[in-house]
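The values are calculated or read from the model by the stated rules, or taken from the named source; none is laboratory data. Bear in mind the structure is a predicted one, so any value in this text is a computation, not a measurement. Cβ placement follows ideal geometry from the backbone for every residue including glycine, while neighbour counts extend to all protein chains displayed. We work out accessible area using only protein heavy atoms, side chains counted, and drop any ligands, DNA or RNA first. Shrake-Rupley method; radii C 1.70, N 1.55, O 1.52, S 1.80 Å.
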Amino acid sequence: MKKIIVHEANLETRAAVLEENQLVEFYIEKQFEEMVGNIYIGTVMNVLPGMQAAFIDIGMEKNAFLYVDDALPHNSEAINKESVNIKEVLHVGQNIIVQVQKESFGNKGPRVTTHISLPGRYLVYMPFGNYVGISRRIIDEEERSYYKSIGDNIREKNEGVIIRTLAAEVSEEQLREDIRFLRNIWINIVEESTKGPIPSLIHKDLDLVSRLVRDLLSEEVQEFIVDNGFVFNKIKGMIQYIEPKWSEKLVLYTEKEVIFDAYNIQKEIDKAIKRRVWLKSGGYIIIDRTEALTAIDVNTGKYIGHSHLEDTVLKTNKEAAVEIAKQLRLRDIGGIIIIDFIDMESEEHQQEVLQLLEENMKKDRTKSNILGLTQLGLVEMTRKKVRQSLDTVLLRTCPMCDGVGRVISEEEVSHKIEKELNSYEEYNSVNQLTVEAHPSVIASLQGRNGERLRQLEKRLDKKITVIEKDTLHFQYYHIHPKS
């Protein structure tokens, strides 16, 4: 059973999804910052044939990025996309309606598309989609055919719909109501695009709490717990519209202890931003992010097993497969992912681990694709990147190491100090030099029994005084010359 827990504080919403009391999804939304799903009327600023892309001014600090595939009409399957030049599709100064697909990442602006989609509770409406899609979680072929026929019945010409998993709980008439509601939203969006200034926001997607109600609230959810009275009443109103009997699932948390501490969520979040994740057996996984991909390494760690090496390796890899699926979902890691499981000689064991990884990735609402083992024995997979990952939201680049994860050693810093001290050799007016640095750097500068520093004083013919400062980071130091 699932629990959804929402914490409101300081103009920020934090939400946790628990499955069997284990944290599996975590979301943070600061007011006015969420962009994915928003629809803008913008202006084409640059068209780049070499990249087959364009930059669109949507009124944000950074221009949005639009690929040619996302600019072509939905019904362009017959077109050879490789032969299409983006200049045939877009031109500078053109006004265009676009929807944000991906948040800004680093120096990149948001990625947008002209393929508009409006999510409802039971289906996703695409004004120009012209096809019927079925949720991949609906796997029974008869069910898929049944919902395909319903989709064709309720959509109009050139419209597209994707039937969501929750559609299994409702009638065809409720699906018709859902598409009518979304169709009216689209009509209003088009009208709005003709009224206001360009560029401007013409449709804002639901906030985090509303999306949780729309996308996750179902029979599977045992409790929906919030610690804010205003949010409680807002959700209550939505539930009355969706399914009044689910009102009993909604709980207002009023205890003094912070809600995330009461449900042990904060401890799990703290673990989720660490590089190393321990497995129950004593093994562990290491998660390293780079700009191009995420690398995950599996190690036996403290686990030595009780029988054969192959059994030890298999057990560790199986534990790791379950944990990796959980961590990808919890940390919201997207893009290319490379997993280095411990080497397995048995092909049967390899397939067993891969199958377990696939089964656990099915619990993830974000689309992923496991490509299998490479010739080097690495598992290649991808996971759709939509929003910023958890570590990007909660962490900042270290100002000392600039994100590389390593800093200059004390010995190297002491060499820098020595080099700078040598530059005072020709200054006859300087008789004394004072060095302030971290104790470990001072120790390196002094050398064994202070011999290195004495030789330096002798060579420079100057008195050198050292001052240890615990408050200084060992990369930083100060040199003060005195006459």
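A few points about this structure:
- Contacts under 6 angstrom Cβ, first residue in region 1-29 being touching a residue at least 12 places away in the same chain (Cβ under 8 Å), partner open to solvent by 30 Å² or more (accessible area, probe 1.4 Å) and not in a strand (DSSP E or B), 6 or more apart: LYS2/GLU220; ILE5/TYR263; HIS7/ASP227; GLU8/ASN228; LEU11/GLN31; LEU23/GLU268; ILE28/VAL393
- Every residue from region 460-483 that is of a type outside the set (A, V, I, L, M), surrounded by fewer than 18 Cβ atoms within 10 Å (Cβ to Cβ) and part of a strand (DSSP E or B): LYS463, THR465, GLU468, HIS478, HIS480, PRO481, LYS482
- Looking across region 419-433, the residues that are open to solvent by 20 Å² or more (accessible area, probe 1.4 Å) and closer than 20 Å to TYR476 by Cβ come down to LYS419, GLU420, ASN422, SER423, TYR424.
- Leading residue by the ranking (surrounded by the most Cβ atoms within 10 Å (Cβ to Cβ)) among those in region 374-398 that are within 24 Å of GLU291 (Cβ to Cβ) and over 22 Å from the mean Cα position of the chain (by Cα): LEU378
- So ARG448, is it closer than 19 Å to SER409 by Cα and over 42 Å from the mean Cα position of the chain (by Cα): yes
- Flag for LYS87 being more than 30 Å from SER389 (Cα to Cα) and open to solvent by 50 Å² or more (accessible area, probe 1.4 Å): yes
- In region 211-253, the qualifying residues are those that are out of contact with any helix residue (DSSP H, G or I) (no Cβ under 7 Å at 6 or more places or on another chain) and among the small types (Gly, Ala, Ser), and the one that is nearest to ALA16 (Cα to Cα) is GLY229.
- Taking the criterion of being farther than 13 Å from ASN95 by Cβ, among the hydrophobic types (A, V, I, L, M, F, W, C) and in a loop (DSSP other than H, G, I, E, B), the only residue of region 194-209 that qualifies is LEU206.
- In region 434-443, residue nearest to LYS463 (Cα to Cα) [restricted to those that are open to solvent by 20 Å² or more (accessible area, probe 1.4 Å) and assigned to a helix (DSSP H, G or I)]: ALA443
- Among (1) at pLDDT 90 or above; (2) surrounded by 13 or more Cβ atoms within 10 Å (Cβ to Cβ); (3) within 28 Å of LEU216 (Cβ to Cβ), the one test that GLU359 misses: (2)
- Strands (runs of 3 or more DSSP E) contained entirely in region 321-421, each with at least 3 residues that are of a type outside the set (Val, Ile, Thr) and at negative phi: 368-373, 379-383
- Out of SER117, SER104, SER135, SER145, one residue alone is polar (S, T, N, Q) and exposed (fewer than 15 other Cβ atoms within 10 Å of the Cβ). It is SER145.
- Identity of the residue in region 269-300, open to solvent by 40 Å² or more (accessible area, probe 1.4 Å) and over 24 Å from MET381 (Cα atoms), that ends up nearest to the chain's Cα centre (by Cα): ASP270
- Test: residue in region 47-60 that is at pLDDT 90 or above, outside any strand (DSSP E or B), more than 16 Å from VAL393 (Cβ to Cβ) and touching a His at 6+ places or on another chain (Cβ under 7 Å): no
- Test: residue in region 290-300 that is modelled with pLDDT of 90 or more and of a type in the set (Gly, Ala, Ser): yes
- Residues of region 3-19 classified as more than 13 Å from GLU268 (Cβ to Cβ) and open to solvent by 50 Å² or more (accessible area, probe 1.4 Å), total: 3
- Restricting attention to region 330-360, the residues that are over 21 Å from SER281 (Cβ atoms) and either β-branched (Val, Ile, Thr) or touching a residue at least 12 places away in the same chain (Cβ under 8 Å) (or both) total 9.
- Cross-chain or 6+ apart pairs with Cβ under 9 Å, region 374-395 first and under 23 Å from GLU25 (Cβ atoms), then assigned to a helix (DSSP H, G or I) and at pLDDT below 85: ARG387/VAL393
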